[in-house]
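Please read the structure below before turning to the comments.
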Amino acid sequence: MADLSAFAITQRWTPKNPDVLQLFSFPTPNGVKASIALEEMEIPYEAHLVTLADADVKSPEFLSLNPNNKIPAIIDPNGPDGTPVGLFESGAILIYLAEKSGKLMGDSAADKAKTIQWLMFQMGGLGPMLGQLGFFSKFAGSEWEDKRPQQRYLAEAKRLLAVLEGALDGQDWITGDYSIADIAFAPWLNALAFYGTQDAVGSSFCLRFEASPGIRSLIFSAIMITGAFVLPPISRGINDASTTRRPSTPCTRPAGSVTAISSCPMRHVPTGW
């Protein structure tokens, strides 16, 4: 059995099976990137719910793994050199998991470079701008009388989405083949309806997941509804009630829908992403 005692976070979120990858996350757009990737890549994992409350993300145990107090974070007991490794930042986790599994980052060096290019576009551009759009459209910023910040992020969201749609012209996925870059885009674009901005900015990207055959649409719909914590039997993770901390208000939307997630109040909050 793997020894994860060197990671202080395991004193609070204790693994039931330390031999599998440990995911510390919450169902936000950034948080579910790791969940989707783990499911797609068929990597066994154990999910621990870390809420965005200061009592969790600013606890000494969580800060020992991510000093930037943001989810998601992981511990892989089977690191590349045979020893456990801890990681934070959703983009870094996606790259790590793709390299570990040999999946969803292309077959050649050129494919990998293009995938990382679009992943960085999401991490440095589309994600942060949509987050700000959400703050000024849905959360506290929406109450400001000065609407210039809201209009600024609305305009930038439209610009960035136009870049994305242009790159998708004639193909289903951003690099041609499905990759971690697509996984990074989907949760943020899925949040637009919750923000009440989907009609203003537009995006049909998430429909690609709904139209995908078999397990991909099931994985996406399950994680968009419930996060990594209440998945149906398709899950390879260890996600039952005994291994995770659940929010006080569970999501009760029907399975199989990938439409707006506004009826899941636990999913989107304005800080801590």
> Which of the residues spanning region 95-130 are crowded, with 21+ Cβ neighbours inside 10 Å, modelled with pLDDT of 95 or more, farther than 22 Å from residue 76 by Cα and out of contact with any Gly (no Cβ under 9 Å at 6 or more places or on another chain)?
Replying inline: 118
> Of all residues in region 53-81, which are at pLDDT below 95 and over 15 Å from residue 21 (Cβ atoms)?
Replying inline: 81
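With the requirement that a residue be assigned to a loop (DSSP other than H, G, I, E, B) and surrounded by 22 or more Cβ atoms within 10 Å (Cβ to Cβ), what does region 176-202 give you?
Residues satisfying the conditions are 179, 191, 197.
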> Which condition does residue 170 not pass, out of (1) outside any helix (DSSP H, G or I); (2) buried (at least 20 other Cβ atoms within 10 Å of the Cβ); (3) without any contact (Cβ under 8 Å) to a residue 60 or more places away in the chain, if it passes all the others?
Replying inline: (2)
> Could we say that residue 8 is in contact (Cβ under 8 Å) with a residue 24 or more places away in the chain and surrounded by fewer than 19 Cβ atoms within 10 Å (Cβ to Cβ) here?
Replying inline: yes
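Residues are listed down the side, and each one gets a yes or a no for (1) without any contact (Cβ under 8 Å) to a residue 24 or more places away in the chain; (2) in contact with a strand residue (DSSP E or B) (Cβ under 7 Å, 6 or more places away or on another chain); (3) at negative phi; (4) surrounded by fewer than 19 Cβ atoms within 10 Å (Cβ to Cβ):
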| position | (1), (2), (3), (4) |
| --- | --- |
| 60 | no, no, yes, yes |
| 64 | no, no, yes, yes |
| 68 | yes, yes, yes, yes |
| 72 | no, yes, yes, no |
| 93 | no, yes, yes, no |
> How about region 1-42: which of its residues are in contact with a Phe, Trp or Tyr (Cβ under 6 Å, 6 or more places away or on another chain) and over 16 Å from residue 86 (Cα atoms)?
Replying inline: 28, 29, 30
>> Looking at region 17-25, can you tell me whether even one residue there is without any contact (Cβ under 8 Å) to a residue 60 or more places away in the chain and part of a loop (DSSP other than H, G, I, E, B)?
In response: yes
>> Against the definition (free of Cβ contacts under 8 Å to residues at least 40 places away in the same chain and either of a type in the set (Phe, Trp, Tyr) or surrounded by fewer than 24 Cβ atoms within 10 Å (Cβ to Cβ) (or both)), how does residue 56 come out, yes or no?
In response: yes
> Just checking, which of 110, 98 is among the hydrophobic types (A, V, I, L, M, F, W, C), without any contact (Cβ under 8 Å) to a residue 60 or more places away in the chain and either within 17 Å of residue 185 (Cβ to Cβ) or out of contact with any strand residue (DSSP E or B) (no Cβ under 7 Å at 6 or more places or on another chain) (or both)?
Replying inline: 110
> Filtering region 176-214 down to residues that are modelled with pLDDT of 80 or more, polar (S, T, N, Q) and within 19 Å of the chain's Cα centre (by Cα), which residue is nearest to residue 96 (Cα to Cα)?
Replying inline: 179
> Taking only pairs six or more apart or across chains, which ones have beta-carbon atoms under 6 Å, a first residue in region 120-145 that is closer than 30 Å to residue 175 by Cα and without any contact (Cβ under 8 Å) to a residue 40 or more places away in the chain, and a second residue that is surrounded by 16 or more Cβ atoms within 10 Å (Cβ to Cβ) and not aromatic (Phe, Trp, Tyr)?
Replying inline: 125/160; 129/156; 129/157; 129/160
> Among (1) modelled with pLDDT of 95 or more; (2) over 22 Å from residue 191 (Cα atoms); (3) of a type in the set (A, V, I, L, M), where does residue 41 come up short?
Replying inline: (1)
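The values are calculated or read from the model by the stated rules, or taken from the named source; none is laboratory data. Small disclaimer: the values here were computed from a predicted structure and weren't measured. Please note: Cβ atoms are built from the backbone with ideal geometry, for glycine as well, and neighbour counts cover all protein chains shown.
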